[in-house]
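Every number in this text was worked out from the coordinates using simple rules, so none of it is lab data. Computed from a prediction, not measured in an experiment: that's the story for all the values here. Counting neighbours? That spans all protein chains shown, and the Cβs are built from the backbone with ideal geometry, glycine included.
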Amino acid sequence: MDLILRCPHCHGESLLTVDAQGEAVSCGLCDRLLFEYELASERCGVVYVLSNEEFPGLVKIGCTKRAAAQRAQELNSQTGVPGILVVEAYWRVDDPFESERLIHERLATQRLEGKEFFRMSVAAATQSLADAFGAAPTFSRSASAGLGSQSAGSGPTYPSVDWRSAK
Ligand SMILES: [Zn+2]
């Protein structure tokens, strides 16, 4: 499958042929990294940590075979729940359901009965899962916020337009 990519930095277009290998994709004109991808497999998924400003001191820990952002969106579209769930961190794992079960078991004393909510801070939850998986999160909101402010100061500046919302 071929995709036409529009660079959010220089607005140049590149053609990408998506294949099973996956790769890091850079803009053909300004050479900035646009994104990295891989094809989703049947088995893999993520275990995620979500927070909600309306419920300080609580995190939601769960899993999905899809993307953490999609799952958060789905949960946020359910009516009757105040606030917005935010993806704080996730780990890409081979067996999301088994991984989730082990994590829930490990954190059983902090669990709200019958729910996927745990009485702990985002930092404590992230550390606890990092220990359990023996790996830093695949994505961490706090880490990516740091990267964002770092890269904003480097390289040439271009007018910033959100091309995703452009028609
Ligand atoms: Zn570019």
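Dividing the convex hull volume of the alpha-carbon atoms in the stretch 1-77 by its residue count gives 147 Å³ per residue. Across the options 41, 5, 57, the greatest Cα extent toward the positive end of the charge dipole of the chain (unit charges at beta carbon of Lys, Arg, Asp, Glu) belongs to 57. What you get for the stretch 45-145, charging only the Cβ of Lys and Arg (+1) and of Asp and Glu (-1), is a dipole of about 80 debye around the Cα centre. The HN-Hα couplings worked out from phi for the stretch 73-86 by the Karplus form 6.51 cos²θ - 1.76 cosθ + 1.60 (θ = phi - 60°) are 4, 4, 5, 5, 7, 6, 7, x, 9, x, x, 10, 7, 10 Hz, whole numbers, x standing for Gly and Pro.
Rounded to two decimals, the Cα radius of gyration of the stretch 45-145 over 2.2 N^0.38 Å is 0.98.
Taking the C-alpha atoms only, the angle from helix 141-152 to the longest principal axis of the chain is near 20 degrees.
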